[in-house]
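Below: one structure, written as structure tokens.
The values are calculated or read from the model by the stated rules, or taken from the named source; none is laboratory data. Because the structure is predicted, anything quoted here is derived from the model rather than measured. Here Cβ is always computed from backbone atoms with ideal geometry, including for glycine, and neighbour counts include all displayed protein chains. Calculation scope for accessible area: heavy atoms of the full protein, side chains included, ligands and nucleic acids excluded. Shrake-Rupley method; radii C 1.70, N 1.55, O 1.52, S 1.80 Å.
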Amino acid sequence: MRDLLEKLADAQQQLSQREININQLNNKCNELARQREHDQKTFEEEKSQLQLKLQKLTGEHDKRGQEIARLQQYQDTVSRTLAPIQVAIESVAFRGHYIGLNGTGLNSYQPGGGGAVGVHTCIQWREIFELERHGNGLYSFRSIAFDNVYIRADPHHIAPGDRPDCGGGEVRCQYGCGEFEKYRLHRVGDHGEIAIEPEKFPGRFFRMDGNWHEAICLQGIVDWWEKFHLVLLP
């Protein structure tokens, strides 16, 4: 009988221990479940934050792409605007008479310039120029017939307001473009007429005599013989 009671007591003790173990396991499972729930919540929060960052980066990328596209479009527009334009310079007073340039042998800078600029009655290679832009409203006329040769102007004794009968100064050629080869183009009529003023010599203007003199020179005023048309060429 005593042995039976001892065995019963041992069995009850083992049962109690098992219940304790079960409770510990349940607590552990509950703890793991809470940890998993916490981790899942943290994961979802981090996922949401990453998605927001991704959306922001995507928006910034799209915006940057749009900015790049606008800049490219602007660059293309500027490139087309600044591309050299080929022109012939025709007298308003003497229609069909053009400024022509002969830069034969001019392959280096020459003090005072060289070659010849004169009056021609047709448009061929020597009468075609690239109208180059330099900013601030300045232009130069570069010959397409003679490499790196430009129209050069020096009024010498001609002052603003002077109007000698035959004009004065010299219009010649120069190798390369410097201060004597840059001009301002002033609109002086309602039909595209312009006056060509050397940047270095304000108040002096190109003049064409298409009569028997057939000369290009400078004058201190703008009258009929100082007006020109730029004929745009393809």
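Residue 164 is checked against (1) in contact with a strand residue (DSSP E or B) (Cβ under 7 Å, 6 or more places away or on another chain); (2) more than 27 Å from residue 124 (Cα to Cα); (3) not hydrophobic (A, V, I, L, M, F, W, C) and fails just one. What number does that condition carry?
Result: residue 164 passes all but (1).
Residue 149 passes all but one of (1) among the hydrophobic types (A, V, I, L, M, F, W, C); (2) open to solvent by less than 10 Å² (accessible area, probe 1.4 Å); (3) modelled with pLDDT under 95; which number fails?
Failed condition: (3).
Taking residue 210 as the residue in question, decide whether it is farther than 15 Å from residue 99 by Cβ and open to solvent by less than 20 Å² (accessible area, probe 1.4 Å).
So residue 210 fails the test.
In region 83-92, is there at least one residue being in a helix (DSSP H, G or I), at pLDDT below 80 and either within 30 Å of residue 175 (Cβ to Cβ) or open to solvent by less than 100 Å² (accessible area, probe 1.4 Å) (or both)?
no
Quick check on my filter: what residues within region 96-118 are farther than 21 Å from residue 208 by Cα and in contact with a Phe, Trp or Tyr (Cβ under 8 Å, 6 or more places away or on another chain)?
104, 106, 107, 108, 109, 110
Taking residue 134 and the conditions (1) part of a strand (DSSP E or B); (2) modelled with pLDDT of 95 or more; (3) open to solvent by 40 Å² or more (accessible area, probe 1.4 Å), which numbered condition does it fall short on, given that it satisfies the others?
Of the numbered conditions (1) part of a strand (DSSP E or B); (2) modelled with pLDDT of 95 or more; (3) open to solvent by 40 Å² or more (accessible area, probe 1.4 Å), the odd one out for residue 134 is (2).
Do we find that residue 217 is more than 27 Å from the chain's Cα centre (by Cα), over 28 Å from residue 105 (Cα atoms) and not small (Gly, Ala, Ser) in this structure?
In short, no.
On the basis of being open to solvent by 20 Å² or more (accessible area, probe 1.4 Å), farther than 20 Å from residue 100 by Cβ and at pLDDT 95 or above, does residue 199 make the cut?
Yes.
Give the residues of region 213-223 that are open to solvent by 60 Å² or more (accessible area, probe 1.4 Å) and at pLDDT below 95, sorted by residue number.
213, 214
Does residue 159 satisfy the criteria of being of a type in the set (A, V, I, L, M, F, W, C), surrounded by fewer than 15 Cβ atoms within 10 Å (Cβ to Cβ) and in contact (Cβ under 8 Å) with a residue 12 or more places away in the chain?
yes
Is it true that residue 163 is modelled with pLDDT under 95 and touching a Ser or Thr at 6+ places or on another chain (Cβ under 9 Å)? First the steps, then the outcome.
Details: modelled with pLDDT under 95: yes; touching a Ser or Thr at 6+ places or on another chain (Cβ under 9 Å): no.
So residue 163 does not fit the description; no.
Name every residue in region 116-131 that is over 30 Å from the mean Cα position of the chain (by Cα) and open to solvent by 40 Å² or more (accessible area, probe 1.4 Å), in order of residue number.
Within region 116-131, 116, 120, 121, 122, 123, 124, 126 qualify.
Taking the criterion of being among the basic types (Lys, Arg), in contact with an Asp or Glu (Cβ under 6 Å, 6 or more places away or on another chain) and under 17 Å from residue 198 (Cβ atoms), would at least one residue in region 138-155 satisfy it?
Within region 138-155, one or more residues are among the basic types (Lys, Arg), in contact with an Asp or Glu (Cβ under 6 Å, 6 or more places away or on another chain) and under 17 Å from residue 198 (Cβ atoms).
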